[in-house]
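> Below are the structure tokens for one structure; questions will follow.
The values are calculated or read from the model by the stated rules, or taken from the named source; none is laboratory data. Source: prediction; values computed, not measured. Positions of Cβ are backbone-derived with ideal geometry, glycine not excepted, and every protein chain shown enters the neighbour counts. Just so you know, the surface numbers come from the protein's heavy atoms only, side chains and all, with ligands and any DNA or RNA stripped out. Shrake-Rupley method; radii C 1.70, N 1.55, O 1.52, S 1.80 Å.
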Amino acid sequence: MQFSLSDIAQVTNGALHGEDRRVDGLSIDSRLTSSGQLFAAVAGDRDGHSFVASALAIGAGGALVERIEADYSEGPVVVVPHMTSALESLARAARSRLGDRVVGVTGSLGKTTTKDMLASVLAQRFVTSASSKSFNNELGVPITLMNAPDGTEATVVEMGARGEGHIAYLCSMAVPTIGVITTVEAVHTETMGGIDAIANVKGELIESLPADGLAVLNSDVEVVAALAERSPAAVLTFGRTGEVRARGVVLDDELVPSFVIVSPWGEVSVRLGIRGAHNVMNALAAAAVGLSLGVSLDELAGGLETSQNSPWRMELHRLPSGAALINDCYNASPASTRAALEALAALDGGESARRFAVLGVMAELGDRSIEEHRDIASIAADLEVRIIAVGTDLYGVDPVHDPAGALEVLRSLSIEQGDAVLVKGSRVAGLEVIADSLVARS
């Protein structure tokens, strides 16, 4: 979205130093800043002011800073009193141009996948913009809104939460007209509390909706369905018992689901562009929103089939040995790990096929951590999956110390045709190096 630097100075209560230019979009990573974008010098693990000069040198249209330094004293920069407040103001200015098709998506699981599917569905009919990757916090939401191109007709905004009031704050910037809650599960319980507390936080999205908006809720999860009482807007449900539901789900050899969507708008056969039976529910959430906004049944089927998942989510690779690798290492919770194990077990490799799950810790489970990890170990045993634990003994098996140790174990097992390996763990486990190493050899 294009703004002049002088307009940005006015919106943010800042001061322009240097040439007034038009910028298009927002970045907080100098390495990924596109030509003409506004670079915001955010203080994180490293102070973004250290990268202003390099961002300008590679073509940034200008920078948003809290102070002038010698290596970019000529600008063009907008100096603001406080970066967080400035980004919030920019987000609201961008939102004011986006009209009435802004969809907020939250939930304990499936946010990013649902966002990706929904963006693909809406793009069949509208000029559509959506959050990149999992940009879903107080930085990600301004980036999403500012990077919506001029002329955008539908916007999908992913929203995460660290605690009470966080989603309400994100909604104050994004002002969604439709809100989707995918599910509520026991994730991040160390910081978020129990199921009821998590549902209460997610419900802030529903409370933010206008009276003429729409709440899209998972009918199969009791605490989510109960949020209908907090909605000032109309409610549309999805799930096994929902108004939008699936019939006849079948997985092919690549774990891709096909099924019939049944809805108040009619029925349509679909084949997803992503893997895993658990993603049927995410597809139903996307379908509910798309159909409510006037997407046709044929457009819905096309959007779901062409949707692509974000990296490290249910990626299926064939290794040189003929074995299968499921790379689902973006993150891990009890529910998503159970779904990934079930997908691993569903791969047809023949009677002698072996199944291995390289698992890192499921983080932020608080006092439920031991119980949840042992439950996963029990599920793996029932599915005849051998766990290779990395960096944690919570699964009840002797762990290897690091990813290199896991790779050594896999080499010793002589993985062959028909075998399958799952790699999954929370981000802190850093297991993507295992999947990357296995794929690099293919």
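> Leaving out ligands and nucleic acids, and using a 1.4 Å probe, what accessible area per residue does segment 256-392 come to in Å²? Mind dumping the intermediate values first?
Details: 5220 Å² over 137 residues.
Counting only protein heavy atoms, the per-residue value for segment 256-392 is 38 Å².
> Residue 230 to residue 150: extension gain in nm, 0.36 nm per residue of separation minus the Cα-Cα distance? Present the calculation step by step, with values, prior to reporting the outcome.
Values: separation 80, 0.36 × 80 = 28.80 nm, distance 3.36 nm.
Taking 0.36 nm per residue and subtracting the Cα distance, the gain is 25.4 nm.
> Once the other residues with Cβ under 10 Å from the Cβ of residue 259 are scored (Lys, Arg +1; Asp, Glu -1), what is the net sum?
Working: positive: 245, 247, 271; negative: none.
Around residue 259, the surrounding residues sum to +3.
> For the modelled label position 7 Å from the Cα of residue 439 along Cα-to-Cβ, which residues of segment 315-333 have backbone nitrogen atoms closer than 13 Å?
315-319, 325-330
> What is the spread of the Cα atoms of segment 222-299 along each of their three principal axes, largest first, in whole Å?
43, 27, 17
> Enumerate the amide H contacts of residue 158 below 5 Å, restricted to partners 5 or more residues apart or on another chain; note that Pro and chain-start residues carry no placed amide H.
105, 131
> What share of all Cα pairs of the chain, in percent, falls into each consecutive 10 Å distance bin?
5, 20, 27, 25, 17, 5, 1, 0
> Then there is this: So what are the three principal axis dimensions of segment 1-115 from its Cα atoms, in whole Å, longest to shortest?
45, 29, 25
> Which of the peptides 368-381, 243-256 is most tightly packed, and how do the rest follow, going by the mean number of other Cβ atoms within 10 Å of each residue? Mind dumping the intermediate values first?
Working: 368-381: 17.1, 243-256: 15.5.
Highest mean packing first, the order is 368-381, 243-256.
> Kirkwood hydrodynamic radius (Cα pairs, Å) of segment 198-249?
Working: mean 1/r = 0.0889 Å⁻¹.
So the Kirkwood estimate lands at 11.3 Å.
> Now a separate question. May I ask you to evaluate 6.51 cos²θ - 1.76 cosθ + 1.60, the Karplus curve with θ = phi - 60°, for each residue of segment 230-242 and list the ³J(HN,Hα) values in order in whole Hz, giving x for glycine and proline?
So the J values, rounded to whole Hz, are 8, 8, x, 9, 5, 10, 10, 10, 9, x, 4, 10, x.
> Take the solvent-accessible surface of the protein heavy atoms, probe 1.4 Å, and return the percent of it on the chain that carbon and sulfur atoms account for.
Working: 8530 of 17950 Å².
C and S fraction of accessible area: 47 percent.
> While we're here: At 0.36 nm per residue, minus the direct Cα-Cα distance, what do residue 364 and residue 92 gain on full extension? Give it in nm, one decimal, please. Intermediate results must be reported in sequence, preceding the final value.
Values: separation 272, 0.36 × 272 = 97.92 nm, distance 3.19 nm.
Length gained between residue 364 and residue 92: 94.7 nm.
> In terms of modelled amide H atoms, which long-range or inter-chain residues lie less than 5 Å from the amide H of residue 42?
48
> Under a Cβ-only charge scheme (Lys and Arg +1, Asp and Glu -1), can you give me the dipole magnitude of the chain about the Cα centre, in debye to the nearest 20?
Values: 33 positive and 56 negative charges, 105 e Å.
Once rounded to the nearest 20, the dipole reads 500 debye.
> Find how much the distance from residue 250 to residue 212 grows on full extension, using 0.36 nm per residue of separation minus their present alpha carbon separation; answer in nm with one decimal.
Values: separation 38, 0.36 × 38 = 13.68 nm, distance 3.68 nm.
So the extension gain works out to 10.0 nm.
> Per residue, what volume in Å³ does the Cα convex hull of segment 263-306 take up?
Numbers: hull volume 2.7 nm³, N = 44.
Output value, Cα hull per residue: 62 Å³.
> As a test of the formula, what do you get for the chain when each DSSP H run with n ≥ 4 contributes -39,500 (n - 2.57) and the sum is divided by the residue count, at 222 nm and rounded to the nearest 500 deg cm²/dmol?
-9500 deg cm²/dmol
> Which value results when the Cα radius of gyration for segment 178-325 is divided by 2.2 N^0.38 Å? If you can, show how the numbers build up before the last one.
Numbers: Rg = 16.8 Å, N = 148, 2.2 N^0.38 = 14.7 Å.
My calculation over the Cα atoms of segment 178-325 gives 1.14.
> Still on this structure, I have one more. State the three equivalent ellipsoid semi-axes of segment 348-412, derived from the C-alpha gyration tensor as the square roots of 5 times its eigenvalues, in descending order and whole Å.
On the way: eigenvalues 94, 55, 12 Å².
Equivalent-ellipsoid dimensions as semi-axes: 22, 17, 8 Å.
> Cα atoms only, segment 399-442: Rg and Dmax in Å?
10.6, 31
> By per-residue mean of other Cβ atoms within 10 Å, what is the highest-first order of 157-166, 391-400, 418-427? Could you put the intermediate results ahead of the total?
Working: 157-166: 20.1, 391-400: 16.5, 418-427: 24.1.
Ranking, from highest mean packing down: 418-427, 157-166, 391-400.
> With a ≥ b ≥ c taken as the square roots of the eigenvalues of the C-alpha gyration tensor of segment 57-127, please select rounded if a/c is under 1.5 and otherwise prolate if a/b is larger than b/c or oblate if it is not?
Values: a/c = 2.47, a/b = 2.31, b/c = 1.07.
Prolate.
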